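Working notes, structure below.
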Amino acid sequence: MSRTEEAASAVQRALLACMGPGAAEQIALAQARLAWQEAVAAAGLERGGLSSRLITMRAGTAQVEASEPILAQELGLRAEALMAATNERMDGRPGATIVITRVTVSVARSGGRRSL
């Protein structure tokens with residue numbers, strides 16, 4: 001194990017110890033959110049005010065919110081590739097225990113959300 005991996009494991013153990021029950025789930029969700037942002041940025045989908053974020057996970061389904069309908073459509077079209085890229089980025093990260101099997105996308109609205 002490299003020094004970086006050892007340090008990451010030590011930080012994870014410390015967080016789990018001080019955060020209590022549910023900490024592992026929160027760490028896993030944080031890792032999934034970070035990996036999603038990285039995958040979307042690498043795909044060139046974060047530009048010109050367009051953004052998305054992974055809101056939550058339920059039974060392997062990533063619920064993603066897009067800033068605009070056009071981005072939501074693009075995320076839907078690229079869902080499988082983004083899902084694979086996100087899972088790949090999480091592989092081996094401390095606390096990243098989530099595996100995304102499906103992506104659903106909604107559009108953020110000031111008066112609520114609209115699912116696509």
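Points worth noting:
- Once the 1.4 Å probe is applied to the protein heavy atoms, the stretch 1-64 comes out at 60 Å² accessible per residue.
- For the chain, built as a Gaussian network whose Cα springs stay under 10 Å, the top-fluctuating residue of GLY60, GLY20, GLY48: GLY48
- Relative contact order of the chain, defined on C-alpha pairs under 8 angstrom at six or more residues apart (%): 28
- Our estimate of slack between ALA7 and GLN26, defined as 0.36 nm per intervening residue step minus the Cα-Cα distance, is 4.9 nm.
- Taking the DSSP bridge list for the chain and keeping only pairs wholly inside it, about 60 percent are antiparallel.
- Rounded percent of accessible protein surface that carbon and sulfur make up, the chain, 1.4 Å probe: 53
The values are calculated or read from the model by the stated rules, or taken from the named source; none is laboratory data. Everything quoted here is computed from the prediction, not taken from an experiment. These accessible areas exclude ligands, DNA and RNA; they are computed on the full protein's heavy atoms, side chains included. Shrake-Rupley method; radii C 1.70, N 1.55, O 1.52, S 1.80 Å.
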